[in-house]
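As C-alpha cells, the structure follows; a few thoughts come after it.
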Amino acid sequence: MPSALILGASSDIAVAIARTFAASGYDLILCGRKTNRFAPMQSDLEIRFGVRASLAEFDAEDPASHRTFYESLGKRPDVAICVIGYMTEEKLAEQDWKTAEKTIQVNFTGAVSILNLIAEDFASAGKGTIVGISSVAGLRGRQSNYIYGSAKAGFLTYLSGLRNRLFPLGVHVVTVLPGFVRTRMTENLSLPPLLTAEPAEVGKAVFQAVKQKKNRIYVRWFWRWIMLLIRLIPESRFKKMKL
C-alpha cells in the first residue's frame, strides 16, 4: 500500500489532503507538534478509509531535529507533502523581529531543511514525489503581506530548483499555489467568495497533481491569470498601489 508523509498535519488544508489520499488507499504519516491533538483525526482516517495512520512529532522551527525525525520514520514514504505554514498580521511582523523570524523560519527555512533531507533520500532510491504548498503571495511583494510573501517567494524558487535537480534522478516535485482558502488561518479576513477555495478542493487538486505529475498548479485556474496581470504592472505604478 502506498504511503504519504504530511508535514504540518494540523491545518485545515492538511486534513483535507490527508482525507483525499486516504480515500485513494494511501497509508498516512501525520507530522507536527503535539501529535496528541491528531488522535481524533487518526482514528477517523483509519475507521473511515481502512488505512493505517501513524503519528510523528515534527517541529519546523527546529532544523537540528529534522534528520533524527526523518530517520525515525523507518519506511520511506512514496509522497512527501509539506503543508507547514505560518501567517500573522503584517504590522506585527514588521514591528516585532521574533514574529518576522518565525514567519521566515516556518515558511522557508524549516521547509527547506526537512525537504533537503527527503530529497536526498528519494534521490538515492530513484523515486518519490515531493509536494510543496506555497502561496500566490510569493509571486509579487505587496505592502499588505510582504514578509510572509517573501518567505513564500523563497520557497517557490527552492521548489523550482529542486524540481530541476531531481527530475533526472526519477523524483518529481509539485508546487501548489492555492490562492485564498477558507481556513482557520483566514477566518478573520474578508475573502471574495469567487476567489476562495474550500480545503477539500485543495486536497483533490494536490492528489490529481501527484497522479498526473504536474509541475506547478493553481487550485482555481483563474489565479494564474490574476497573478500574471499583477506581475505585469510596471514597478513605477505598482509602488503607488494599495495592495
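None of the figures in this text is laboratory data; all of them are computed from the coordinates on show. Keep in mind it's a predicted model, so treat the numbers as computed, not measured. Using ideal geometry, Cβ is built from the backbone for each residue, glycine included, and neighbour counts are taken over all protein chains shown.
When we screen Ser54, Ser72, Ser43 for residues that are polar (S, T, N, Q), over 28 Å from Asn116 (Cα atoms) and in contact with a strand residue (DSSP E or B) (Cβ under 9 Å, 6 or more places away or on another chain), the only hit is Ser43.
A Cβ distance below 7 Å, combined with a sequence gap of six or more or placement on separate chains, defines the contacts here; from region 37-54, residues that are within 10 Å of Ala18 (Cβ to Cβ) reach residues that are surrounded by fewer than 13 Cβ atoms within 10 Å (Cβ to Cβ) in the pairs Val51/Gly25.
Each residue in region 117-150 was checked for being of a type in the set (Gly, Ala, Ser) and over 18 Å from Arg231 (Cβ atoms), and 7 of them qualify. Of all residue pairs spaced 6 or more apart or on separate chains, those with beta-carbon atoms under 6 Å, a first member in region 71-96 that is within 30 Å of His172 (Cα to Cα) and in contact (Cβ under 8 Å) with a residue 12 or more places away in the chain and a second member that is in a loop (DSSP other than H, G, I, E, B) and of a type in the set (A, V, I, L, M) are Ile84/Ala60. Residues of region 222-233 that are under 19 Å from Leu194 (Cβ atoms), surrounded by 10 or more Cβ atoms within 10 Å (Cβ to Cβ) and out of contact with any helix residue (DSSP H, G or I) (no Cβ under 8 Å at 6 or more places or on another chain): Arg224, Trp225, Leu228. One residue stands out among those in region 17-71 that are touching a helix residue (DSSP H, G or I) at 6+ places or on another chain (Cβ under 8 Å) and aromatic (Phe, Trp, Tyr): the one that is farthest from Phe108 (Cα to Cα), which is Phe49.
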